[in-house]
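The values are calculated or read from the model by the stated rules, or taken from the named source; none is laboratory data. What you see is a predicted model, and the numbers here were worked out from it, not measured in a lab. Positions of Cβ are backbone-derived with ideal geometry, glycine not excepted, and every protein chain shown enters the neighbour counts.
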Amino acid sequence: MSNYDPAWYAKNKEARQAYVKQWYQENKERTRDRRLERARRNYDPEKERIKRAKKKDYFAAYREANKERAREKAKAWYAANKDRALAADRLRKFGVTKEQVEALVERQGGACAICKARLSELPRKHVHVDHCHATGQVRGVLCHYCNVVLGCVKDSPERLRSAAAYLEESTRAP
């Protein structure tokens, strides 16, 4: 026969909660160690690999079967989280956080590093993190047009000087 008395438990709810909280605080390491040991004992790398593969296959099949819905969901998420998406993209591509980009812009006086256009007045998609393609090192923040120019000359100072000389030569009066 059980000694469970619902009325007693209801009446002593706060005292029981305090006791459990105190016991947990006193035995925090013991319970953590037991939980970790149980997890280690039950861990099977092969099962985990299979589970991850199944999950990956499941989501790939879902996306394939529901391309339009997945595309719409992705568009909606991007529209609602443009700043997060941009920050994640910059972190993935260049290894810089939003705060580091803001610090670069601040160091440049809030302007493009080349033409000095006010970056705050440009649309978000026209502000680019410039980096060296050989080393991946971030150099600064540029406006769209200056970034395109560097891309067109393949980050070559010689080509840029040659282009400048060509422009200066062609603008002289005959």
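Here is a yes/no grid of residues against (1) free of Cβ contacts under 8 Å to residues at least 24 places away in the same chain; (2) outside the structural domain of A164 (by TED's automatic domain parsing):
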residue: G95; (1), (2): no, yes
residue: E102; (1), (2): yes, yes
residue: R118; (1), (2): yes, no
residue: L122; (1), (2): yes, no
residue: D130; (1), (2): yes, no
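When you look at K82, is it touching a residue at least 24 places away in the same chain (Cβ under 8 Å) and under 21 Å from the mean Cα position of the chain (by Cα), yes or no? Let's see the steps before the verdict.
Details: touching a residue at least 24 places away in the same chain (Cβ under 8 Å): yes; under 21 Å from the mean Cα position of the chain (by Cα): yes.
Taking the combined requirement at face value, the residue satisfies it.
If V148 satisfies all but one of (1) over 26 Å from the mean Cα position of the chain (by Cα); (2) assigned to a helix (DSSP H, G or I); (3) loosely packed, with under 15 Cβ neighbours inside 10 Å, what's the number of the condition it fails?
Here V148 clears every test but (1).
Of all residues in segment 85-113 being over 21 Å from Y145 (Cβ atoms) and hydrophobic (A, V, I, L, M, F, W, C), which is surrounded by the most Cβ atoms within 10 Å (Cβ to Cβ)?
Ranking the qualifying residues of segment 85-113, first place goes to V96.
Which members of segment 108-132 meet the condition of being more than 21 Å from D155 (Cβ to Cβ) and assigned to a helix (DSSP H, G or I)?
Within segment 108-132, S120, E121, R124, K125 meet the criteria.
When you go through R32, R90 one by one, which is the residue that is assigned to a helix (DSSP H, G or I) and without any contact (Cβ under 8 Å) to a residue 12 or more places away in the chain? Lay out the reasoning, then the answer.
Numbers: R90 fails: without any contact (Cβ under 8 Å) to a residue 12 or more places away in the chain.
Result: R32 is the single residue among R32, R90 that is assigned to a helix (DSSP H, G or I) and without any contact (Cβ under 8 Å) to a residue 12 or more places away in the chain.
For R35, are the conditions met, namely being at pLDDT 90 or above and farther than 30 Å from V141 by Cα? I'd like the intermediate steps shown before the answer.
Working: at pLDDT 90 or above: yes; farther than 30 Å from V141 by Cα: yes.
When the stated conditions are applied, R35 passes them.
Consider segment 63-84. How many of its residues are closer than 30 Å to E99 by Cβ, surrounded by 11 or more Cβ atoms within 10 Å (Cβ to Cβ) and of a type outside the set (A, V, I, L, M)? Give the steps one after another, and end with the answer.
Here is the first cut: in segment 63-84, the residues closer than 30 Å to E99 by Cβ are 73-84.
Next cut, surrounded by 11 or more Cβ atoms within 10 Å (Cβ to Cβ) only: 73-74, 77-78, 81-82, 84.
With of a type outside the set (A, V, I, L, M) added as a condition, the list becomes 73, 77-78, 81-82, 84.
Number of matching residues: 6.
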